[in-house]
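In what follows, a structure is listed as structure tokens, so that the remarks can point back to it.
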Amino acid sequence: MSITISYSTETFSILDMDKIGQDQPLQNQKSGGEVAEQIKPRRTAPKRHAKTDLRYWEGKVFHEAFTRDGDRVTLPDFSVRIQHGGRRETFSLGTPNKAAAASKAKEIFFALRGGGWEEALRRFKPSAAAPVKSAATVGNLLQDVQNIAGLRPKTLADYSKALRKIVADIFEIDGGTDKFNPHTGGREKWLEKVDAINLADLTPEKIQIWKLAFLKQAGDDPVRQRRAKISVNSLLRQAKSLFSKKALRFLTVELPSPRPFDGVTFEPRQTMRYHSAIDASNLIQKASKELATGSSDQQEQYKVLLLGLCAGLRRNEIDKLEWSAFDFEIHSIRIENTEFLRLKTEDSCGEVEIDPEIADVFAVMKDRATGRFVVESSREPILTASYSSYRCAKVFEGLMEWLRKQGVQAQKPLHELRKEFGATLTNEHGIYAASRALRHSDIAITTRHYADKTRRATTGFGKLLASSAIVTLPTAAEDHPLT
């Protein structure tokens, strides 16, 4: 006998009762609960609708809610949240009717799939659409970058100066010496002409021609050629930074295609390895006799020389260094951002160890100090300057003149003191110690400038020959018995 059981709309023939006990031992026969469990239909996943189906969007629309003054507020109109291409936006659908809201959500989806975010936002969410862009000139590009990119004023000033230099050279906008004088109006006139150049006219081909002409001016002199390559790379790198993704992310100006520096290549990196031309011991001894005991200006120059040559400080760090940075007990100087000093990078912060004798000299100088700054000057620091502004400019100029008289002929005599500091530390204590004292962001920077010569680069196998009883080198007479 068979039993047919109806379960929902499906019919199952499950057992032949006449065979119970015949085919199976009694202990293996299943209970009624087990049989019922066996005949349950399998559950299937709920049917999914395609995004082209209105029912899909009926399940996606929702009422936005927010808290106002401690009360939970739910908006009557439906909204939909759509994600596409890594971007997500919420659209208000403008209706409390679910079917109408789903229909509009579907329409937004098709607009997004067909025309991308720009088309979808323009039609259904104008407030989030990209602003209308205007044609770009040098001036409004720089203004846009200043307003939006968030660069440091000094960094932006350096980048702008490089771009304007290139543009002025290409379009032969001279301006004469008046362009450096802010009081005659010449600088404003020069800037106005440069900033009016349309970026569409600043093509990669013109920049490439400018680069070659810049290098050609160096002639056949290898030293001048090397300097020209370093300079042209610096100008290109800074100007090109204005067109980086970070700088352009929120711009409202319309940039040409291709962009000005697309495809323009840098010159091969020139070696920056420092070769010492300074007798540091002699320099310090002469400074101790001539500057330390000289006029008040010369005594300030002496401080600058010691801070550059014996502590490796940069010019701006010396200019804004305060007495509070010294720790005379552990013989160190703490370099960090202050009210007046803005360091190049966060890596420039750090402790600089100095010799006890140097610390003692500055301790005596501190007792005579009349202000908070180590190097005294009648000028106050300019906090808002977008250019290199030094309160001790007069002191620096005096020391550079003195250094040149001592045979320091480098283009930047003050920076040459820091280089000599780095080279000396590398020779005495190794490249890692020098990198830490110079406060470089990466040791690769240090290795590009200094060669680590603290250890002799030999195998040491020679020691085996000296003590070997196996190999005996012949004498000259033995080697040539007929002579």
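The values are calculated or read from the model by the stated rules, or taken from the named source; none is laboratory data. As the structure is a prediction and not an experimental result, all values here were calculated from the model. Heads up, the Cβs are rebuilt from the backbone with ideal geometry, glycines too, and the neighbour counts pull from every protein chain shown.
Annotations for the structure displayed:
- Those residues of segment 200-216 which are of a type in the set (D, E, K, R), surrounded by fewer than 14 Cβ atoms within 10 Å (Cβ to Cβ) and over 18 Å from residue 138 (Cα atoms), in sequence order: 216
- A single entry from 266, 180, 243, 250 fulfils the requirement of being of a type in the set (Phe, Trp, Tyr) and surrounded by 15 or more Cβ atoms within 10 Å (Cβ to Cβ): 243.
- If you go through segment 215-262 and keep only what is farther than 19 Å from residue 169 by Cβ and among the polar types (S, T, N, Q), you end up with 244, 252, 257.
- When each of 366, 344 is tested for being out of contact with any Asp or Glu (no Cβ under 9 Å at 6 or more places or on another chain), of a type in the set (Lys, Arg) and more than 15 Å from residue 319 (Cα to Cα), the lone residue that passes is 366.
- The condition (being modelled with pLDDT under 85 and of a type in the set (S, T, N, Q)) is satisfied by just one residue among 127, 92, 79, 103: 127.
- Being under 28 Å from the mean Cα position of the chain (by Cα) and acidic (Asp, Glu) is not true of residue 220.
- Subset of segment 130-152 (residues that are at pLDDT below 80 and assigned to a helix (DSSP H, G or I)): 148
- Considering segment 80-115, the residues that are under 40 Å from the mean Cα position of the chain (by Cα) and polar (S, T, N, Q) include one that is surrounded by the fewest Cβ atoms within 10 Å (Cβ to Cβ), namely 83.
- Selection status of residue 439, in the same structural domain as residue 307 (by TED's automatic domain parsing) and either surrounded by 13 or more Cβ atoms within 10 Å (Cβ to Cβ) or among the aromatic types (Phe, Trp, Tyr) (or both): yes
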